[in-house]
Amino acid sequence: MVSYKLIYFPTRGNGEIARQVLKYAGQPFIDERIPKEEWPSMKNNTPFGQLPVLEVDGKQLAQSIAIVRYLSKQFGISGQSSWEEAQVDSLSDQFKDYRLEARPFFRVKMGFAEGDVDKLYKDVFVPAFNKMYSIFTKYLKESGNGYLVGGSLTWIDLAVAQHSADLLEADGTVLDEFPEMKEHQKRIHDIPNIKKWIAERPVTSR
């Protein structure tokens, strides 16, 4: 039996979607959460000096998206064909671009940088968010079955639904202009194994 260990900090952050893939699949794994004060002594024992790291039978894989893609292929939620896999990867790359565009706003909002949060919300976050969620809505409408790509769950559904949930936690009205995406978030988080994980996972601010 394959042994999985996911190593990350005690937050959702860049480790959460890998956790959700494993939980969705019903795959036992060690969810190792490293306190920040212990990280410096471990850093040199990771492939790139950063987390998350996935250990598969003791072999290490770094980079959050590479981890999620690997696990999704193992458990059948990377797309049902090469074309669907490419579409999932395409949306993922665009999602990354959006997060980079919106990063100045989120850094100030979360206290990691100084700035005018209201101005950044209006000038940085809103344009990036509207562009990204319009794209997501288009994909949802084209699929016609409640998933972003193809006829079944893929890992990009998990990633987007978690981001939507995080946004809604901060502002319950943020998806009012994107009702399809609000329904998407609810649908994905009502999947039994995902719903159970969300209810029992450690409570963190992000």
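The values are calculated or read from the model by the stated rules, or taken from the named source; none is laboratory data. Computed from a prediction, not measured in an experiment: that's the story for all the values here. Backbone-built Cβ (ideal geometry, glycine too); neighbour counts: all protein chains shown. These area figures cover heavy atoms from the full protein model, side chains too; ligands, DNA and RNA do not enter into them. Shrake-Rupley method; radii C 1.70, N 1.55, O 1.52, S 1.80 Å.
General observations
- Taken per residue, the accessible surface of segment 4-75 reaches 49 Å², heavy atoms only and a 1.4 Å probe.
- Helix-only mean residue ellipticity at 222 nm for the chain, each DSSP H run of n ≥ 4 adding -39500 (n - 2.57), per residue, nearest 500: -17000 deg cm²/dmol
- Identified option (computed Cα Rg over 2.2 N^0.38 Å; candidates [x] 1.17; [y] 1.03; [z] 1.27): [y]
- A Cβ-based charge dipole, computed about the Cα centre of segment 82-190 with Lys and Arg at +1 and Asp and Glu at -1, lands at about 120 debye.
- For Glu183, the accessible surface of its heavy atoms amounts to roughly 90 Å² (probe 1.4 Å, protein chains only, rounded to the nearest 10).
- A dipole drawn for the chain from +1 and -1 charges on Cβ atoms has a positive end, and of Asn44, Phe178, Ala62 the residue lying farthest that way is Asn44.
- Long pairs among Lys23/Lys122; Lys109/Lys138; Lys43/Lys73; Lys59/Lys138, criterion Cα-Cα beyond 31 Å: Lys23/Lys122; Lys59/Lys138
- Only the Cβ atoms of Lys and Arg (+1) and of Asp and Glu (-1) were treated as charged; on that basis the dipole of segment 4-75 about its Cα centre amounts to roughly 220 debye.
- Counting only protein heavy atoms and a probe of 1.4 Å, the accessible surface of segment 102-206 is 52% carbon and sulfur.
- Of all DSSP beta bridges in segment 4-75, antiparallel share, percent nearest 5: 65 percent
- Listed peptides 101-110, 6-15 appear in the order 6-15, 101-110 once ranked by packing, highest mean of other Cβ atoms within 10 Å at the front.
- Dipole moment magnitude, nearest 20 debye, the chain about Cα centre, only Lys, Arg, Asp, Glu C-beta charged: 320 debye
- Beta bridges per DSSP with both ends in the chain, % antiparallel, nearest 5: 65 percent
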